[in-house]
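The values are calculated or read from the model by the stated rules, or taken from the named source; none is laboratory data. Keep in mind the model is a prediction, meaning the values are calculated, not measured. Virtual Cβ from ideal backbone geometry, glycine too; neighbours counted across all protein chains shown.
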Amino acid sequence: MNTERRWTPRFPISVNISIYYSGLGLISAKTSNLSQRGAYVETGHIRLRLGSHVELILPVSTDPQGNHQRLGARIARIDNRGIGLAFRDAPSEDTESLHRLLSQYPPERVVAG
């Protein structure tokens, strides 16, 4: 039996991102869903190590200059499509920016656990 362990709702947000992984550098990927505490990221054929620390680099959708937001994360799950990330404690401006992004999605777009 699979017990859901998420504390915050997930939103079906598909965004092209980059992941910085020590030893490999920048990896191009795409989010499938995003929440205040983590994300599921499709990484393709690239395999990463469970428990590794990475940096998720998200475009800031409201920034016309194309700036990016960086969030530290730990690889909490791996499957054949990608990785589940748990965000590490981020500075308050990063979490506020992520909260603004997620608040743009109506409740009916929330993905059930």
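Only one of (1) farther than 11 Å from residue 19 by Cα; (2) at pLDDT 85 or above is not met by residue 36, so which one is it?
Every condition holds for residue 36 apart from (2).
Conditions tested, residue by residue: (1) modelled with pLDDT of 90 or more; (2) part of a strand (DSSP E or B); (3) under 14 Å from residue 12 (Cα atoms).
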{"residue": "27", "(1), (2), (3)": "yes, yes, no"}
{"residue": "51", "(1), (2), (3)": "yes, no, no"}
{"residue": "61", "(1), (2), (3)": "no, no, no"}
{"residue": "97", "(1), (2), (3)": "no, no, no"}
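Take the residues in the stretch 7-25 that are closer than 18 Å to residue 86 by Cβ and loosely packed, with under 15 Cβ neighbours inside 10 Å; name whichever of them is modelled with the lowest pLDDT.
In this case the residue turns out to be 7.
Testing residue 105 on (1) among the aromatic types (Phe, Trp, Tyr); (2) assigned to a strand (DSSP E or B); (3) modelled with pLDDT under 70, one condition comes back false. Which one is that?
(2)
Taking the stretch 18-41 on its own, how many of its residues are over 8 Å from the mean Cα position of the chain (by Cα) and not charged (D, E, K, R)? Before you say what the answer is, go through the steps one by one.
Within the stretch 18-41, the subset over 8 Å from the mean Cα position of the chain (by Cα) is 18-30, 32, 36-37.
Applying the additional criterion that residues be not charged (D, E, K, R) yields 18-29, 32, 36.
Residues that pass the stated criteria total 14.
Based on what the data block shows, is residue 77 assigned to a loop (DSSP other than H, G, I, E, B), exposed (fewer than 15 other Cβ atoms within 10 Å of the Cβ) and charged (D, E, K, R)?
Values: assigned to a loop (DSSP other than H, G, I, E, B): no; exposed (fewer than 15 other Cβ atoms within 10 Å of the Cβ): yes; charged (D, E, K, R): yes.
Considered against the rule, which asks whether it is assigned to a loop (DSSP other than H, G, I, E, B), exposed (fewer than 15 other Cβ atoms within 10 Å of the Cβ) and charged (D, E, K, R), residue 77 comes out as no.
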